[in-house]
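Q: Starting off with a structure, shown below.
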Amino acid sequence: MTSLTNTASPAPTFAPAVSPGEVADFFALLKPRVMALVIFTALVGMTVSHSHVNPVIATVSLLMIAVGAGASGCLNMWWDADVDAVMTRTRTRPIPAGRIQPGEALAFGLTLSVFSVLVLGLAANWLAAGLLAFTIVFYAVIYSMWLKRATAQNIVIGGAAGALPPMIGQAVVTGSVGIEGTILFLIIFIWTPPHFWALALVKAGEYARAGIPMMPNVAGPDSTRRQIVAYTALLAPLGLAPVVLGFGGMIYGGVALVGGLAMLALSVEVYRRRDGETANKAAMSLFAFSILYLFLLFSALLAEQGLGLFRPVLG
Amino acid sequence: MTLPTQLTPEEARRRRKRSVAIALVLAALVLIFYVLTIAKLGPQVLNRPL
């Protein structure tokens, strides 16, 4: 037993303070808006697959896909806390604001990652679980820890993580990945660069301060604008691929055509308006509309397949 | 030697809310695993000799 009068004993240390985090702070670590988007796109991946799955299994699978996506967002916030602290958009997140300790976020993210993959494997199948595990590792390790601070192609390659949920959804229902899931993956993948670069054009100063090599900081705003137009020119016809392949009907075709043309027009506006407030306005218009465009594309597929509104365009 | 931490009322409130949230999540998990098990086994699980 250690004597209380032993002068050689270490000085008393206070126990670590309890976590100051609210429940809402832990929930915020999961990036709820991204989770909602993931649930939505994975659900569309399920509905376009023309295969039956038990509703309970589908619901639990969607929940696990959302939790896995949230876990990867949590690990991203843990790794990027230093960057988040210097950007106005992210400085109030729980870790840079000091409401949650980095170690807590790491443990939370790792626990949810392992848990979501295992439960998805048990509930649905191990292909879906493997794709979810790949998504988490790709976003948290390949994108967050490596690409984001290393190359201006960070969000191009990293966009694969955000594009995978429809494939996971299809894998849950069919046990495999078909052309429908692959096309939906490609649409989100090609949509990501013009979406993020439109924002990066406006926030270039903040990204430069944070040391993130976004395209406008590396290749310059003009090159970024050209690439935005190029990716959008790829995206607009790609958006019509579901019609050609037969799983997008008349409603979807109309939305994809009008939306694709609007995306093109807005991207050309971004290319033309290069100075001052009008340039920022054009970029933010493209950024905002790109979210609506993707939402409408997937909503149209969901309405056609889920509500029986599908009318084929070809034949 | 580690001295016990004296919680402020605010810290105690937050810890209590986190504990309640964990309890609710655990209860939801019990329900999810039960329903999932029944769904995986199918309706035949109820059809057994008494």
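The values are calculated or read from the model by the stated rules, or taken from the named source; none is laboratory data. In this text the structure is predicted, and so the values were computed from the model without any measurement. All Cβ positions, even for glycine, are placed from backbone atoms using ideal geometry, and neighbour counts span all protein chains on display.
Q: Of all residues in the stretch A:3-46, which are at pLDDT below 95, more than 8 Å from every other protein chain (Cβ to nearest Cβ) and over 27 Å from A:Ala107 (Cβ atoms)?
A: Those that are at pLDDT below 95, more than 8 Å from every other protein chain (Cβ to nearest Cβ) and over 27 Å from A:Ala107 (Cβ atoms): A:Ser3, A:Leu4, A:Thr5, A:Asn6, A:Thr7, A:Ala8, A:Ala11.
Q: Have a look at A:Leu235, A:Leu266, A:Leu314, A:Leu294 and point out the one that is in contact (Cβ under 8 Å) with a residue 40 or more places away in the chain and either hydroxyl-bearing (Ser, Thr, Tyr) or more than 22 Å from A:Val34 (Cβ to Cβ) (or both).
A: After applying the criteria, what remains is A:Leu314.
Q: Going through the stretch A:113-139 one residue at a time, which ones are surrounded by 22 or more Cβ atoms within 10 Å (Cβ to Cβ) and within 17 Å of A:Asn76 (Cα to Cα)?
A: Those that are surrounded by 22 or more Cβ atoms within 10 Å (Cβ to Cβ) and within 17 Å of A:Asn76 (Cα to Cα): A:Ser113, A:Ser116, A:Leu132, A:Thr135, A:Ile136, A:Tyr139.
Q: Report those helices (runs of 4 or more DSSP H) wholly inside the stretch A:232-315 carrying at least 2 residues which are under 30 Å from A:Gly205 (Cα atoms).
A: A:250-272, A:276-306
Q: Please go through the stretch A:222-257 and pick out each residue that is of a type outside the set (Val, Ile, Thr) and buried (at least 24 other Cβ atoms within 10 Å of the Cβ).
A: A:Arg225, A:Leu235, A:Gly239, A:Pro242, A:Gly248, A:Tyr252, A:Ala256
Q: For the stretch B:8-40, which positions are under 15 Å from A:Val60 (Cα atoms) and more than 18 Å from the chain's Cα centre (by Cα)?
A: B:Ile38, B:Ala39, B:Lys40 - these are the residues of the stretch B:8-40 that are under 15 Å from A:Val60 (Cα atoms) and more than 18 Å from the chain's Cα centre (by Cα).
Q: Still on this structure: Those residues that are within 25 Å of A:Ala133 (Cα to Cα) and either part of a helix (DSSP H, G or I) or of a type in the set (Asp, Glu) (or both), I need them from the stretch A:85-105; list them, please.
A: A:Pro102, A:Gly103, A:Glu104, A:Ala105
Q: Looking at the stretch A:172-185, which of the residues that are in contact (Cβ under 8 Å) with a residue 60 or more places away in the chain and assigned to a helix (DSSP H, G or I) is farthest from A:Val244 (Cα to Cα)?
A: Among them, the one singled out is A:Val172.
Q: Cβ contacts < 6 Å: first residue more than 18 Å from A:Ala123 (Cα to Cα), restricted to the stretch B:39-50; second residue among the hydrophobic types (A, V, I, L, M, F, W, C) and in a loop (DSSP other than H, G, I, E, B), any location; separation 6+ or different chain. Result?
A: none
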